[in-house]
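The next block holds one structure in the form of structure tokens; read it before the comments.
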Amino acid sequence: MDEDDVRVRPSRRGSRPRTRTRPSHDDAVDGLVVAVDRGRMTVRVDGPDGAVDVTAMRARELGRHGVVVGDRVRLVGDTSGRTDTLARIVVIEERTTALRRTADDTDPTERVVVANADLLVVVTSVTDPEPALGFLDRCLVAAYAGGLEPLLCLTKTDLASAQPLLDRYAGLGLDAVPMSRELPLDDLLARIRDRMSVFVGQSGVGKSTLVNRLVPDALRAVGDVSKIGKGRHTSSSAVLFDLPGGGTVIDTPGIRSFGLAHVSADDVLVPFEELAEAATECPPGCGHTADDPDCALDAWAAQGPPRRRDQLDAVRVLLAAVGQVGPGY
């Protein structure tokens, strides 16, 4: 028998030649992802009568590109927002910033938490529970590496002093705002108004309580601190809310760990121009820590004003968090 003897039955569905040509989606509508839940995205689009929240799914043509809260996207299909309708996300616009984390420091797979935010508000209590310094260091590293401006929001300052935390990061020129139940929100609102801010923090530090004060309609679940000083997870997904005075707030779930497998020591130096320039004199693979004998940053700090040493010491606190594994990280 040869090839001509083989009988091939025609498909009942017919033959459809494959093509690499993809639709142009010229009629796609711009939108902003405000929530993601089990493969379904809530996307805010401009309608004839104002903003409309549309339920959408990711189009197959996007491949493995994930969609996160804060993404600016383009949609096709039914964008009316009516019940039981579904649109498709066909384009994810280029991200200006990205808050990333990994499951741990041995997992190289990056997970984008939020896209296109301007400000990372790191919420921590000064007591009850005690600040997890390693976690705070890692949040700041993720902010600098992702292009976000960090802001420390120190809660429960009516119970203890915030000065130890302020001293720890003094050399970074990091902005910080103290908060308590009795203090008004004016100082915090002045910093986040007309911006897209993402709030991160471990459970029990008062993050969801703070979001509920900023956005009364948010109704984020809140929980008490356990007897051993650990908070309970209350927020289960990242959600974007509109601030009454302008701007948006993204509340994220309580995070117990913040892996930095995707971050290098040089990534930490990028926002600090003088340090980054001085680091070009370092040998390849330098970790820029005090344990690196040929690190050029020590000579840079010794040749300038005292603020250089303060800045280097503070940055090295962050560098110590890169690659560390253990409690508090």
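Just so it is clear, none of the values below were taken in a lab; they were calculated from the coordinates. Treat the numbers as computed from the prediction; the structure is a model and nothing was measured. Neighbour counts run over all protein chains shown; Cβ positions are idealised from the backbone, glycine included.
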- [ ] Would you mind checking which residues have amide H under 5 Å from Val113's amide H? H placed 1.01 Å from N; only 5 or more apart, or other chain.
- [x] Leu99, Arg100, Arg101
Task: For Gly204, residues with placed amide H under 5 Å, excluding near neighbours - done: Arg232
- [ ] Find the percent of Cα-Cα distances in region 52-145 that exceed 22 Å, and round it to a whole number.
- [x] 46 percent
Task: Average silhouette area of region 81-134, convex hull of alpha-carbon atoms, in square nanometres - done: 7.6 nm²
- [ ] State, in angstrom, two size descriptors of region 123-176 derived from its alpha carbons: Rg to one decimal place and Dmax to the nearest whole number.
- [x] 11.1, 33
TODO: Rank by packing, highest mean first: peptides 280-289, 258-267, with packing defined as the count of other Cβ atoms within 10 Å averaged across residues.
DONE: 258-267, 280-289
TODO: Step through the residues of region 265-274 one at a time and calculate ³J(HN,Hα) from phi using the Karplus curve (6.51 cos²θ - 1.76 cosθ + 1.60, θ = phi - 60°), rounding each to whole Hz and writing x for Gly and Pro.
DONE: 4, 5, 4, 5, 7, 3, x, 9, 4, 5
- [ ] Please turn the phi angles of region 168-182 into ³J(HN,Hα) values with the Karplus equation 6.51 cos²θ - 1.76 cosθ + 1.60 (θ = phi - 60°), one per residue in order, whole Hz, x for glycine and proline.
- [x] 4, 10, 4, x, 7, x, 7, 6, 9, 9, x, 9, 7, 5, 8
Task: Cα shape, region 141-221, gyration tensor, a/c 1.5 rule - done: oblate
Open item on the list: Per 0.36 nm of contour for each residue apart, how much would the distance between Arg193 and Leu133 grow if the chain were fully extended, relative to their Cα-Cα spacing?
Closed with: 18.8 nm
Open item on the list: Going by amide H atoms built from the backbone, whose H comes under 5 Å of the H on Arg58, apart from near neighbours?
Closed with: Ile89
Task: Karplus (6.51, -1.76, 1.60) ³J(HN,Hα), θ = phi - 60°, over region 92-103, in Hz, Gly and Pro reported as x - done: 10, 5, 4, 7, 7, 9, 8, 8, 10, 8, 10, 4
